[in-house]
1. Mind counting the residues in the stretch 33-54 that are open to solvent by 20 Å² or more (accessible area, probe 1.4 Å) and within 23 Å of PRO141 (Cα to Cα)?
2. Output the residues belonging to the stretch 4-29 that are of a type outside the set (A, V, I, L, M, F, W, C), open to solvent by 50 Å² or more (accessible area, probe 1.4 Å) and within 29 Å of LEU105 (Cα to Cα).
3. Residues in the stretch 60-67: is at least one at pLDDT below 80 and farther than 27 Å from LEU131 by Cβ?
4. Hey, among GLY43, GLY19, which residue is modelled with pLDDT under 90 and either over 25 Å from CYS193 (Cβ atoms) or in contact with a Phe, Trp or Tyr (Cβ under 8 Å, 6 or more places away or on another chain) (or both)?
5. For the stretch 95-109, state whether one or more residues are modelled with pLDDT of 85 or more and open to solvent by less than 40 Å² (accessible area, probe 1.4 Å).
6. So, of the residues in the stretch 110-126 that are closer than 24 Å to SER29 by Cβ and at pLDDT below 90, which turns out to be most open to solvent (accessible area, probe 1.4 Å)?
Amino acid sequence: MTELLAVITITLLAVISPGPDFAMVTRNSLMLSRRSGVLTALGIGLGVLVHVTYTLVGVGLLIQQSMWLFNLIKWVGAAYLIYLGAKMLRTKGGSLPADQAFTPLTDIAALRTGFLTNALNPKTTVFIVSLFLQVVGSETPLSVQIGYGAFISLAHMAWFSLVAIFFSSGAVREKLLAIRHWIDRTFGALLVCFGILLAVTGGSR
C-alpha cells in the first residue's frame, strides 16, 4: 500500500508540473481546437508508455548507466522542442478570423505532436526510470508494475485533457484569440527555452 501511495503521489506531482507537455497542449487547445488539444493529450499518454516499456524491459537501467545514450536522447529531444518553438515564433499577426488564423492539425498530426513531445523528453525518461528503480520494489510482480505504468499514462491523459478542455472553453478562447499570434510566439519561445535548457544541462541524472 505504501508503494502504491508513493507511485500515485509522485506521478500526480510530476504530471501537473509545468513543462513542454503543458505548453504544447495549452497551445493546441487554445490556438486550434479542443479536439486538437485532447488528441495532443492522448499522444502524451502514449509517449509515456514508451518510457514505461523500455524501463520494464531493462533498457531504462542501461539509459541510467550510459551517459552517451542519455545525452543522445537529451539532444534529440532538445532539437525537437527547438524546432517546434521556432515554427511558432514565425507566427505572423493579422486580421484573419480566429478559425483561419492557424493551419489546423489533422487528428494524426495532433496525436503525433503530443506523442513525440513526451517520448523525446528526457525529463520523462528520468522520472519514469527513477520511479521504477527507486520507488517500485524489485519484488513487485510484473503485472503490478504494468498497472503502475498504465496509471501513469492515464494520469497524463486525464490531466492534459482537462487542460485542453479548460483552454478551449469559449470564454477563455474569446478573450485570448485577439492576441493569438503573440500567444503562439510566447509558447514558441517557451519551447525553445525548454530545448536549450535540456541541451545545455549537465549529464547528471
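1. The qualifying residues number 5.
2. Passing the criteria: SER17, PRO18.
3. Within the stretch 60-67 (the criterion being at pLDDT below 80 and farther than 27 Å from LEU131 by Cβ), the answer is no, since none of the residues qualifies.
4. GLY19
5. Checked against the condition, which is being modelled with pLDDT of 85 or more and open to solvent by less than 40 Å² (accessible area, probe 1.4 Å), the stretch 95-109 yields at least one hit.
6. Top of the filtered list is LYS123.
Okay, residues lined up against (1) within 17 Å of GLY45 (Cα to Cα); (2) out of contact with any strand residue (DSSP E or B) (no Cβ under 7 Å at 6 or more places or on another chain); (3) free of Cβ contacts under 8 Å to residues at least 12 places away in the same chain; (4) loosely packed, with under 14 Cβ neighbours inside 10 Å:
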residue: ILE128; (1), (2), (3), (4): yes, yes, no, no
residue: GLU139; (1), (2), (3), (4): no, yes, yes, yes
residue: SER143; (1), (2), (3), (4): no, yes, yes, yes
residue: PHE151; (1), (2), (3), (4): yes, yes, no, no
residue: PHE167; (1), (2), (3), (4): no, yes, no, no
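A quick yes/no check of all residues on (1) touching a residue at least 12 places away in the same chain (Cβ under 8 Å); (2) part of a loop (DSSP other than H, G, I, E, B):
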| position | (1), (2) |
| --- | --- |
| LEU5 | no, no |
| THR9 | no, no |
| ALA14 | yes, no |
| PRO18 | no, yes |
| ALA23 | yes, no |
| SER29 | yes, no |
| SER36 | yes, no |
| LEU39 | yes, no |
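The values are calculated or read from the model by the stated rules, or taken from the named source; none is laboratory data. Model, not experiment: these values are computed from the prediction. Glycine gets a Cβ as well: all are built from the backbone with ideal geometry, and neighbour counts include every protein chain shown. With ligands, DNA and RNA removed, areas are computed over all heavy atoms of the protein, side chains included. Shrake-Rupley method; radii C 1.70, N 1.55, O 1.52, S 1.80 Å.
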